[in-house]
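> My structure is below; once you've seen it, I'll send some questions.
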Amino acid sequence: QATPRAVRVPREHLVAVATQLRDDPELAFDLLLDHTAIDWPEQGIFELVYALLSTRHGHLLTVTVAVPRDDPRVPTVSRLWLIAQWQEREVYDLLGVLYEDHPDLRRLFLEDDWQGFPLRKDYQDDDMLRLPT
């Protein structure tokens, strides 16, 4: 059983670090298990979370990237791990993070004309249930 480790990477270095993590034979993180994002409106950021596995060595690594909510752009890692194409589309669809140079960045679950991003903590919709005040 591998012990998970975590590292935070600036968005401008994401692709370079991810490439090193995948291509270095001593690391060999060949599998992107999952990619998601957490909305931290109080901090003004989205925290992108990448869960990586080296099938060769059996180690796990969590890579996080903080991006500003008012400029939610990050380079795609879909050229490194093809599964990221779908995972990034999900995060885009539900949180509005823009993946630069993604080959097919469009909504995955919601209609093309959907307004807003429903997993943002400040999302409002007329049909949403409200807690009594």
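> Let me spell it out: the conditions are (1) open to solvent by less than 50 Å² (accessible area, probe 1.4 Å); (2) under 11 Å from the mean Cα position of the chain (by Cα); (3) hydroxyl-bearing (Ser, Thr, Tyr), and residue 36 meets all of them except one. Which number is the exception?
(1)
> Okay, moving on. Hey, can you tell me all the residues within segment 70-114 that are touching a residue at least 60 places away in the same chain (Cβ under 8 Å) and among the aliphatic types (A, V, I, L, M)?
Matches in segment 70-114: 74, 77, 80, 97.
> Right, residue 29: more than 12 Å from the chain's Cα centre (by Cα) and aromatic (Phe, Trp, Tyr) or not?
Yes: the conditions hold for residue 29.
> Does residue 15 meet the test of being at pLDDT 95 or above, open to solvent by less than 70 Å² (accessible area, probe 1.4 Å) and in contact with an Asp or Glu (Cβ under 8 Å, 6 or more places away or on another chain)?
no
> In segment 114-124, what residues are over 18 Å from residue 40 (Cα atoms) and surrounded by 10 or more Cβ atoms within 10 Å (Cβ to Cβ)?
Within segment 114-124, just 114 meets the criteria.
> Let me ask another. Looking at segment 26-51, I want the residues that are more than 16 Å from residue 9 (Cβ to Cβ) and have a partner that is polar (S, T, N, Q) and open to solvent by 50 Å² or more (accessible area, probe 1.4 Å) with Cβ atoms under 7 Å, at least 6 apart or on another chain. Which pairs are those?
Qualifying pairs under 7 Å: 30/55; 31/55.
Okay, residues lined up against (1) out of contact with any strand residue (DSSP E or B) (no Cβ under 6 Å at 6 or more places or on another chain); (2) within 24 Å of residue 108 (Cα to Cα):
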site	(1), (2)
23	yes, no
27	yes, no
47	no, yes
58	yes, no
89	yes, yes
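> Working carefully through the options 88, 42, find the one that is under 14 Å from the mean Cα position of the chain (by Cα) and of a type in the set (Asp, Glu).
Result: 88 is the single residue among 88, 42 that is under 14 Å from the mean Cα position of the chain (by Cα) and of a type in the set (Asp, Glu).
> Continuing with this model, one more query. Evaluate segment 19-35: report whether one residue or more is closer than 28 Å to residue 118 by Cβ, in contact with an Asp or Glu (Cβ under 7 Å, 6 or more places away or on another chain) and either assigned to a strand (DSSP E or B) or of a type in the set (Asp, Glu) (or both).
For segment 19-35, residues closer than 28 Å to residue 118 by Cβ, in contact with an Asp or Glu (Cβ under 7 Å, 6 or more places away or on another chain) and either assigned to a strand (DSSP E or B) or of a type in the set (Asp, Glu) (or both): present.
The values are calculated or read from the model by the stated rules, or taken from the named source; none is laboratory data. Owing to the predicted nature of the structure, the values given are computational and were not obtained by experimental measurement. Virtual Cβ from ideal backbone geometry, glycine too; neighbours counted across all protein chains shown. Just so you know, the surface numbers come from the protein's heavy atoms only, side chains and all, with ligands and any DNA or RNA stripped out. Shrake-Rupley method; radii C 1.70, N 1.55, O 1.52, S 1.80 Å.
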